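Notes follow once the structure below has been shown.
Any read-out appearing in this document is the output of simple, stated calculations on the displayed coordinates, not a laboratory observation. Model, not experiment: these values are computed from the prediction. For neighbour counting, all protein chains shown are included, and Cβ atoms are generated from backbone atoms with ideal geometry for every residue, glycine included.
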Amino acid sequence: MPRGASTPSSEIHFVTVREVQPMSPESEILMGSEKQQFFVHAKLVARQSVALASLVQGGMTEAKERCAFLEDVDARTFTPFAESAYTGD
């Protein structure tokens, strides 16, 4: 889904950066059947695994459009993952 397109869920989640540093562009990740929106920096997500690196920085459509839909992952699972990517905890 391109940036700016509407989704069924009106709730948007943002993960904050604790340290200010030059970062990669944000990627929009849509979670679960409700397509909850998360915005995360692609570079940080890519550091977590090879598969995620392909998803947000590789040649896949999701990387080019900076938007991925992860139907089998819900917000309760993704939130701690994203916080860990940002904080290193």
Point to revise | Local electrostatic count, residue 81, Cβ distance below 13 Å [Lys/Arg +1, Asp/Glu -1] | key: -1
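Taking other Cβ within 10 Å of each residue's Cβ, how do 56, 50 sort, fewest first?
Numbers: 56 25, 50 9.
Sorted ascending by nearby Cβ count, the order is 50, 56.
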Practice item. Give me the number: length gained by fully extending residue 69 to residue 84, i.e. 0.36 nm times residue separation minus the C-alpha to C-alpha distance, one decimal in nm. Key: 3.4 nm
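For the stretch 21-89, what is the relative contact order in percent, using Cα pairs closer than 8 Å and at least 6 residues apart in sequence? Don't jump to the answer; show the numbers that get you there.
Details: 104 pairs, mean separation 22.9, N = 69.
Relative contact order for the stretch 21-89 comes out at 33 percent.
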**Study point:** Separation in nanometres of the label points that stand 7 Å from Cα toward Cβ, at residue 77 and residue 47
**Key:** 2.3 nm
